[in-house]
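Have a look at the structure below before the remarks.
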2 protein chains.
Amino acid sequence: MEPLQILDCSPPLVREQLDADKAADLARVFKALGDPVRLRILSIVASHAGGEACVCDITDAFDLTQPTISHHLKVLREVGLLTHERRGSWVYYQLVPENLAQLSALLDIPATV
Amino acid sequence: MEPLQILDCSPPLVREQLDADKAADLARVFKALGDPVRLRILSIVASHAGGEACVCDITDAFDLTQPTISHHLKVLREVGLLTHERRGSWVYYQLVPENLAQLSALLDIPATV
DNA sequence: CCCGGTCATAGACATATGTCAATATGGATG
DNA sequence: CATCCATATTGACATATGTCTATGACCGGG
């Protein structure tokens, strides 16, 4: 399953109707955000020094097993919200701000339609 | 299940760590967005004349049964993304732009951390 | 080269979710 | 009141999802 690039050039929800294909791609991303653990993971990565956190940092923040965290990280990677990089024994995760910004733009509804 | 007001005053993901309670509430909203049909429903409502659409308009746009659409509308109502109003025989749905804006703000990550 | 530490993958299982058919509700109209 | 239309609710069912245990893969240090 390849990461999504579909987020590019998505107009705000209002301007033009979402076709079924775009809706399916976007839904995958929002579904990834639709879990409290994954939201907290994003928050941890975002607020961590240097804009990155290693898996061990993240795992320590939860009462969940390491494979469970690994699973959530994979979900966030697959939809393009996180990237990762190995340095020595550790794997560091970072946000992909462009893709978050695309989602933000999509939900940015003009006050009056 | 009461609609969420928790979206108020959520700081961007970066600034402060999401605690478990906030994460759970936010996850409910993103989970509601994590379905292609519901995304298209929002798009239909948003782009419809007057900023509202009746259930019949929405149902016509899909190859799904009316109860299924009704179910999705309920999900979107329960997380505070849609409101509805009965006028005569028809029920009209509208966006709740404030809550969409809150989500948008949450995902609006500063380019450099 | 083996070993300990870090992370990922595989498989199993209980629960959540999307869909449908059937039915209920509630307003409008004759 | 009887009936039709628009919408909601219920219950059933197949699939998706989150979690765990067990195990594999990869790296660095003795």
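Things worth noting here:
- Ranked from shortest, the separations from the 7 Å Cα-to-Cβ label point of B:Ala49 to its equivalents in the other copies are 6.0 nm.
- Per-residue HN-Hα couplings for segment A:56-68 [Karplus 6.51, -1.76, 1.60; θ = phi - 60°; Hz; x = Gly/Pro]: 5, 4, 5, 4, 4, 7, 10, 9, 10, 6, 4, x, 5
- Tail fraction, Cα-Cα pairs, segment A:15-89, threshold 18 Å, whole percent: 44 percent
- Rounded to the nearest 500, the helix-only mean residue ellipticity at 222 nm of chain A stands at -15000 deg cm²/dmol, with each DSSP H run of n ≥ 4 adding -39,500 (n - 2.57).
- Rg ratio for the protein assembly as shown: its Cα radius of gyration over 2.2 N^0.38 Å, N being its residue count, equals 1.04.
- Remark: relative contact order (chain B) = 36 percent; criterion is Cα-Cα distance under 8 angstrom and separation of 6 or more residues.
- Dividing the C-alpha radius of gyration of segment B:54-113 by 2.2 N^0.38 Å, with N its residue count, gives 1.45.
- Label-point spacing for A:Glu98 across the identical copies (point 7 Å from Cα in the Cβ direction), in nm and ascending order: 3.6.
- Cα centroid of segment A:24-81 to Cα centroid of segment B:12-90, whole Å: 24 Å
Bear in mind that the values in this text are calculations on the coordinates, not laboratory data. On a predicted model such as this, the values are computed, not experimentally measured, just so you know. FYI the Cβ positions are ideal-geometry reconstructions off the backbone, even for glycines, and counts take in every protein chain you see.
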